[in-house]
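What follows is a single structure, written as structure tokens, with notes after it.
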Amino acid sequence: MVLKGLVADWECVRLAKESPEVLGRYLKQNDAGEPVNIALLQKEFSGRYFYNEDLSGFNFTQHRQNLSRMVDWCLAGKTGDVRDSVYIQVHNVDSVFPDMAKNLDMPLLDHKVRPKVWLANTLRTQTHFDTFSNIACHVSGEKTFTLFAPDQVSNLYPGPIEATPAGVPISMVELDDPDFERFPRFHLALEAAVQAKLEPGDALYIPAMWWHHVQTTGPLNMLVNYWWNEGRVDVAPPFTALFMAALSYNHLPPPEKRAWQALVNHYVFETHGDPMAHLPRSAHGVFSHNMSADQMRAYQVAFKRAVAS
């Protein structure tokens, strides 16, 4: 969902509409001086942050740098220039721009959900998903999101799940120049894709687990986003279960895999409703919907011991 003009009254948005230079001065005035991680990508990669050729690493490097110096470097370029791409992502506004944080009102969310800042010149963020719900608020430059529903995963050809550029899998397909011979099902993903081009002051709600590719255009592009988790925070991350499932099920013959798939669908994904509904609550065990934090920890300890043995 595009939320037109949701944050149009933010001071940083108003200044960005005057010019990138005006926004740059505002950012430098509010810079707390804390060094930040900057991802640097050489210009020959055309702004596409990705793996290296043999998937043993990535095509960009990380550097610690003063944020104000990065702002100056971005502003030294002009829109359309082919330059090295620079990118800072997922930095807490409370840490890097503490005085600016109070001017980033987000009435749709609890005040405990704190803003993150993203700054860049011109680049492409490869198609990926986040495990949190997200409201992405566009401040300056141009931002185009191309989104795919979670059920498109097999058509997006994810890369290595244990070695990723930012902690979550990315699609191996280049959105702007797809290799349909290597990735033939990608055309199905494109047929199902939706696109949102944001103007400064607009926001985009991205549900958790939705894949999205982001085209960012500078010279100074800024986005502030809010992530929140609608699940419990006192349980193991779902990725842990995914990895354990792979270790547990991948070696089984196909008939047994299908049998376990039926059990998982029944007990975990509840494809036919609450699997415990016919039993007294005292017998629900690990499948209880109302498990206390102490009960959850007890089960997690027991499972860790079982895995270790």
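Within the range 32-45, the only residue that satisfies the criterion of being out of contact with any helix residue (DSSP H, G or I) (no Cβ under 6 Å at 6 or more places or on another chain) and touching a residue at least 60 places away in the same chain (Cβ under 8 Å) is Leu41.
Could you go through the range 98-106 and let me know if any residue there is within 19 Å of Gly159 (Cβ to Cβ), out of contact with any Lys or Arg (no Cβ under 6 Å at 6 or more places or on another chain) and open to solvent by 80 Å² or more (accessible area, probe 1.4 Å).
The first filter runs over the range 98-106 and keeps only residues within 19 Å of Gly159 (Cβ to Cβ), leaving none.
Scanning the range 98-106 turns up no residue that is within 19 Å of Gly159 (Cβ to Cβ), out of contact with any Lys or Arg (no Cβ under 6 Å at 6 or more places or on another chain) and open to solvent by 80 Å² or more (accessible area, probe 1.4 Å).
Identification of strands (runs of 3 or more DSSP E) wholly contained in the range 181-255 with 1 or more residues that are out of contact with any strand residue (DSSP E or B) (no Cβ under 6 Å at 6 or more places or on another chain) and in contact (Cβ under 8 Å) with a residue 60 or more places away in the chain yields 211-228. Please work out which residue is farthest from Trp228 (Cα to Cα), limiting yourself to the range 88-97 and to residues that are open to solvent by 20 Å² or more (accessible area, probe 1.4 Å) and touching a residue at least 24 places away in the same chain (Cβ under 8 Å). The residue in question is Ser95.
Taking first residues from the range 288-301 that are in contact (Cβ under 8 Å) with a residue 60 or more places away in the chain and partners that are of a type in the set (A, V, I, L, M) and open to solvent by less than 100 Å² (accessible area, probe 1.4 Å), the Cβ contacts under 8 Å between residues at least 6 apart in sequence or on separate chains come to Met296/Val235; Gln300/Val235; Gln300/Ala236. Pairs linking a residue in the range 272-283 that is surrounded by fewer than 10 Cβ atoms within 10 Å (Cβ to Cβ) to a residue that is in a loop (DSSP other than H, G, I, E, B), with Cβ atoms under 9 Å and 6 or more positions apart or on different chains, are Arg281/Ser288; Arg281/Asn290. Please verify whether the range 117-130 includes one or more residues that are open to solvent by 30 Å² or more (accessible area, probe 1.4 Å), among the acidic types (Asp, Glu) and either under 17 Å from Trp210 (Cα atoms) or in a helix (DSSP H, G or I) (or both). Among the residues of the range 117-130, not one is open to solvent by 30 Å² or more (accessible area, probe 1.4 Å), among the acidic types (Asp, Glu) and either under 17 Å from Trp210 (Cα atoms) or in a helix (DSSP H, G or I) (or both), which makes the answer no. Restricting Ala163, Ala101 to residues that are in contact (Cβ under 8 Å) with a residue 24 or more places away in the chain and either of a type outside the set (S, T, N, Q) or touching a strand residue (DSSP E or B) at 6+ places or on another chain (Cβ under 9 Å) (or both) narrows the list to Ala163.
Looking only at the range 283-306, residues that are more than 19 Å from Thr240 (Cα to Cα) and of a type in the set (D, E, K, R) come to 1 in all. Only one of the listed residues (Val233, Val268) is modelled with pLDDT of 90 or more, β-branched (Val, Ile, Thr) and open to solvent by 50 Å² or more (accessible area, probe 1.4 Å). That residue is Val268. Here Tyr249 does not qualify as open to solvent by 40 Å² or more (accessible area, probe 1.4 Å), under 19 Å from the mean Cα position of the chain (by Cα), among the hydroxyl-bearing types (Ser, Thr, Tyr) and farther than 19 Å from Gly141 by Cβ. Restricted to the range 1-22, and to residues there that are in contact with a strand residue (DSSP E or B) (Cβ under 6 Å, 6 or more places away or on another chain) and part of a helix (DSSP H, G or I), the residue that is farthest from Ala101 (Cα to Cα) is Pro20.
Among the residues of the range 32-46, the ones that are open to solvent by 30 Å² or more (accessible area, probe 1.4 Å) and either part of a loop (DSSP other than H, G, I, E, B) or of a type outside the set (D, E, K, R) (or both) come to 9 in all. Among the residues of the range 142-170, those that are assigned to a helix (DSSP H, G or I) and either buried (at least 19 other Cβ atoms within 10 Å of the Cβ) or of a type in the set (Lys, Arg) (or both) comprise Gln152, Asn155, Leu156.
Restricted to the range 47-56, and to residues there that are touching a residue at least 60 places away in the same chain (Cβ under 8 Å) and in a loop (DSSP other than H, G, I, E, B), the residue that is surrounded by the fewest Cβ atoms within 10 Å (Cβ to Cβ) is Leu55.
The values are calculated or read from the model by the stated rules, or taken from the named source; none is laboratory data. Remember, it's a predicted structure, so these values are computed and weren't measured experimentally. Neighbour counts are summed over all protein chains in view; Cβ atoms, including those assigned to glycine, are modelled from backbone coordinates with ideal geometry. For the accessible areas, the whole protein counts, side chains as well, though only heavy atoms, and no ligand, DNA or RNA atoms are used. Shrake-Rupley method; radii C 1.70, N 1.55, O 1.52, S 1.80 Å.
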